Amino acid sequence: MIDEIYYKIITIILVLIIFLIRIPYTRKQIFNKRQILKGVIILVVIILYLLPVFNFANLRFDLWIRLMGLIIYSLGLILIAISHHYLGKNWHPLMDVKNSKNLNIVHKGPYKYIRHPIYLSWFIIIIGLGIFTSNILFFAVPFIIYLIIYINGVNKEEKILLKKFGNKYKVYMSNVGRFFPRIMKK
């Protein structure tokens, strides 16, 4: 059996990989309250996970289950990287209409099937890390908090995009699912 400390070290490395992938897209970013809150949440959850006092939340999954979590995490990581690639210069951290003069609706890659693959990838990553860490707190706390933050963020973002693109975005919304592909088009 692998000592739990190794899982914790690997988890820290996995979290760092996420941020390394996002650096090219976020390095010129001005942080708003929501982004600072996300960073604080991530830091607090990692610190709590590292403290032995929270070992009570460890589910003690077998290695093969943890490896499945690593695979799920990897799928989320691939999706976030591909999504950023296809979004390219259209990715804007603050989704501010005033600063989004050169934005276009992206219809390629994952955006052909879902409108918010980056948001979806975060949930896949959280699920994968939750399984890999085998810690219910490391899964439940970020999942619930991100659910609240991202649902609010997606709604706000879509209002901005509707204002910017009007009917073109309405058509896109009717043909492309928010987080999952539409089986039947409207």
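The values are calculated or read from the model by the stated rules, or taken from the named source; none is laboratory data. It should be emphasised that the depicted structure is a prediction, and the values quoted were computed from it without experimental measurement. When we count neighbours, we look across all protein chains shown, and the Cβ atoms used for this are built from the backbone with ideal geometry, even at glycine.
Annotations for the structure displayed:
- Residue, farthest from residue 108 (Cα to Cα), within segment 165-186, restricted to residues that are of a type in the set (Lys, Arg) and at pLDDT below 85: 186
- Residue check for residue 65: in contact (Cβ under 8 Å) with a residue 24 or more places away in the chain and either on the phi < 0 side of the Ramachandran plot or assigned to a helix (DSSP H, G or I) (or both): yes
- Taken across segment 164-182, residues that are loosely packed, with under 13 Cβ neighbours inside 10 Å, over 15 Å from the mean Cα position of the chain (by Cα), without any contact (Cβ under 8 Å) to a residue 12 or more places away in the chain and outside any helix (DSSP H, G or I) do occur, with at least one present.
- Of all residues in segment 148-164, those satisfying the criterion of being in contact with a helix residue (DSSP H, G or I) (Cβ under 8 Å, 6 or more places away or on another chain) and among the hydrophobic types (A, V, I, L, M, F, W, C) are 149, 154, 160, 161, 162.
The rows are residues; the columns are (1) aromatic (Phe, Trp, Tyr); (2) loosely packed, with under 14 Cβ neighbours inside 10 Å.
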{"position": "57", "(1), (2)": "no, no"}
{"position": "61", "(1), (2)": "yes, no"}
{"position": "67", "(1), (2)": "no, yes"}
{"position": "79", "(1), (2)": "no, no"}
{"position": "88", "(1), (2)": "no, yes"}
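- Against the test of being modelled with pLDDT of 90 or more and either surrounded by 13 or more Cβ atoms within 10 Å (Cβ to Cβ) or in a helix (DSSP H, G or I) (or both), the options 48, 75, 37, 43 yield a single qualifying residue, 75.
- Taken over segment 44-62, the criterion of being of a type outside the set (Phe, Trp, Tyr) and without any contact (Cβ under 8 Å) to a residue 40 or more places away in the chain is satisfied by 44, 46, 47, 51, 52, 53, 62.
- Top-ranked residue in segment 106-126 [being part of a loop (DSSP other than H, G, I, E, B) and surrounded by fewer than 16 Cβ atoms within 10 Å (Cβ to Cβ); ranked as modelled with the lowest pLDDT]: 107
- Looking across segment 127-142, just one residue is modelled with pLDDT of 90 or more and outside any helix (DSSP H, G or I), and that is 134.
- Every test in (1) modelled with pLDDT under 85; (2) more than 19 Å from residue 154 (Cα to Cα) is passed by residue 70 save one, and that test is (1).
- Residue 145 modelled with pLDDT of 90 or more, buried (at least 16 other Cβ atoms within 10 Å of the Cβ) and among the β-branched types (Val, Ile, Thr): no
- Filter result for residue 101 (in contact with a Ser or Thr (Cβ under 9 Å, 6 or more places away or on another chain), at pLDDT below 85 and either within 25 Å of residue 69 (Cβ to Cβ) or surrounded by fewer than 16 Cβ atoms within 10 Å (Cβ to Cβ) (or both)): no
- For segment 2-23, the criterion of being more than 29 Å from residue 155 (Cβ to Cβ) and at pLDDT below 80 is satisfied by at least one residue.
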